[in-house]
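The values are calculated or read from the model by the stated rules, or taken from the named source; none is laboratory data. Not measured: the values here are computed from a predicted model. Protein only, heavy atoms only, side chains kept; ligands, DNA and RNA dropped before computing areas. Shrake-Rupley method; radii C 1.70, N 1.55, O 1.52, S 1.80 Å.
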Amino acid sequence: MKAESAAGNAPAGPVLVVDGHSVIFSWKDLRDLHARAPRQARSLLAQRLQQLHDTRAWMVILVFDGRFGSHRERIEPVPGEMVVAYSSPDCTADALIEAFVAQWKDRRQVTVVTADQAERRTVEALGAWCFSPEWLSTELHERQGELEEALTRVHRRAHW
């Protein structure tokens with residue numbers, strides 16, 4: 001029997017909550033793309049995080065300040081699926097993230113990625129972990145390397 005969280009009855013486990021615009025403006029390639037094509041920058045970040053989610057190392061939740069997408073008053077994880085959430089117009093992504101952390105049953109399983117120091121202090125005061133966008137970049141590269149190694153092993157063993 002899997003443990004469940006207080007948030008949407010999603011299975012407990014490592015949860016990675018990403019402050020989308022904070023990461024976009026911290027990574028040069030996405031920041032440059034955002035200046036020309038904001039929607040494409042958001043989409044590219046989501047694609048990268050989907051790959052991380054698909055490794056099953058993390059349940060990934062990507063949060064943006066909302067003018068686009070489906071607006072939310074709260075984040076409701078869906079087991080097995082990456083969630084992309086946009087805050088409602090009268091709410092910030094930071095507030096949505098803080099509310100999620102506050103109501104998650106095992107906050108030690110939650111890691112928030114942001115460059116916002118005030119957000120970092122709040123998240124840590126709530127009992128969750130907080131890491132930088134640079135850490136996220138490293139995590140993505142490491143998981144990609146692990147995936148490539150696994151695919152190489154499978155390919156070597158395959159008898160075509």
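The accessible-area ordering, largest first, of the residues C130, C91 stands as C91, C130, per a 1.4 angstrom probe. Mind pulling the angle between the C-alpha long axis of helix 93-103 and the longest principal axis of the chain? Nearest 10 degrees, somewhere in 0 to 90. Computed tilt is about 80 degrees. Roughly what % of DSSP beta bridges within the chain run antiparallel, to the nearest 5? The antiparallel proportion sits near 10 percent.
For the chain, the per residue solvent-accessible surface stands at 57 Å², with DNA, RNA and ligands left out and a 1.4 Å probe. Normalising the Debye intensity of the chain to I(0), with uniform scatterers on Cα atoms only, and taking log10 at q = 0.11, 0.16, 0.20 Å⁻¹ returns -0.45, -0.89, -1.33. Tell me whether segment 101-159 comes out rounded, prolate or oblate; compute the Cα gyration tensor, take square roots of the eigenvalues as a ≥ b ≥ c, and use a/c under 1.5 as the rounded threshold. Verdict is oblate for segment 101-159.
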